[in-house]
1. Of the conditions (1) in contact (Cβ under 8 Å) with a residue 40 or more places away in the chain; (2) in contact with a strand residue (DSSP E or B) (Cβ under 6 Å, 6 or more places away or on another chain); (3) over 12 Å from residue 293 (Cβ atoms), residue 226 clears all except one; give me its number.
2. Working carefully through the options 218, 230, 244, 183, find the one that is farther than 27 Å from residue 308 by Cα and at pLDDT 95 or above.
3. Report yes if some residue within segment 270-286 is under 22 Å from residue 220 (Cβ atoms), in contact with a strand residue (DSSP E or B) (Cβ under 8 Å, 6 or more places away or on another chain) and part of a helix (DSSP H, G or I); otherwise report no.
4. Name the single residue, out of those in segment 188-210 being at pLDDT 95 or above and assigned to a loop (DSSP other than H, G, I, E, B), that is surrounded by the fewest Cβ atoms within 10 Å (Cβ to Cβ).
5. For a quick check of your reading: which helices (runs of 4 or more DSSP H) sit entirely within segment 32-136 and have at least 3 residues that are surrounded by fewer than 22 Cβ atoms within 10 Å (Cβ to Cβ)?
6. For residue 233, work out the one condition from (1) part of a helix (DSSP H, G or I); (2) over 19 Å from the mean Cα position of the chain (by Cα); (3) surrounded by fewer than 19 Cβ atoms within 10 Å (Cβ to Cβ) it doesn't fulfil.
């Protein structure tokens, strides 16, 4: 079982504004909508947190689908992602904060990717874009960029122009911690021989877990032996994460001396939200089955379960 524990991975808007005034943070807008893939990017172009850059789930935080065995959102090549981040001004000592408009699943995808690569200075904005708009809707909280700490040169640049206009080096950062040093990802072969393991966690909504109302993937159901902890239950009615003690109660029974939970979802995105929530709760870092349900069903001989476990 992994025993890695990290600092609180979420940041409140008030804390973010202080960091922004200090000029010590690089922001990434990860807004995305599954049914309208370009809507998030368009919303970013219309309005975003000052200085933020945009990263697209399909083209930046994933690589092309290929034969489907790696799911609907295959993990990106980390060297390619780091070249993009370096072009945006990220260095090994940067503080990165990411946000979206859906309660955090797409921001959590970037957070997880960076943790997987060994990068530690990354946070998710609690409440995301809505929290920023609410906080800045009153004069006493409205953010004014500091003249003492001007935004980096790429801030506000259209996302399509970055590769042509960036003055940053295109060389990827070489991190001192390798992916192999942080065992937070697993593959199907590591658990399909024991598909009844009790700590395999499906992060999708309960109806999709049961095999009902499946509108995304061609086969409905879940991996046999999995339990269901929908990622949306990590949030309160305002789209903020629950308090750490409540999240701790939600996940603590999954962890044991000789076991570590494996989280999956439809395509390896919303499962990252559950993993993020375990870190807010102060629990050990669990594993992600990144290919998830869409990758599992790409192999016809794998078993499928319907209904309650």
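The values are calculated or read from the model by the stated rules, or taken from the named source; none is laboratory data. If you're wondering where the values come from, they're calculated on a predicted model, not measured in any experiment. Neighbour counts are summed over all protein chains in view; Cβ atoms, including those assigned to glycine, are modelled from backbone coordinates with ideal geometry.
1. Only one criterion is unmet by residue 226, namely (3).
2. Values: 218 fails: farther than 27 Å from residue 308 by Cα; 230 fails: farther than 27 Å from residue 308 by Cα; 183 fails: at pLDDT 95 or above.
Of 218, 230, 244, 183, the one residue that is farther than 27 Å from residue 308 by Cα and at pLDDT 95 or above is 244.
3. yes
4. If we filter segment 188-210 for residues that are at pLDDT 95 or above, which is where we start, we get 201-210.
Subsequent filtering for residues that are assigned to a loop (DSSP other than H, G, I, E, B) retains 203-205.
Working: 203: 30, 204: 26, 205: 18.
Once the filter is applied, the top-ranked residue is 205.
5. Details: elements: 39-46, 78-87, 105-116, 128-135.
By residue number, 39-46, 78-87, 128-135.
6. Condition (2) is where residue 233 drops out.
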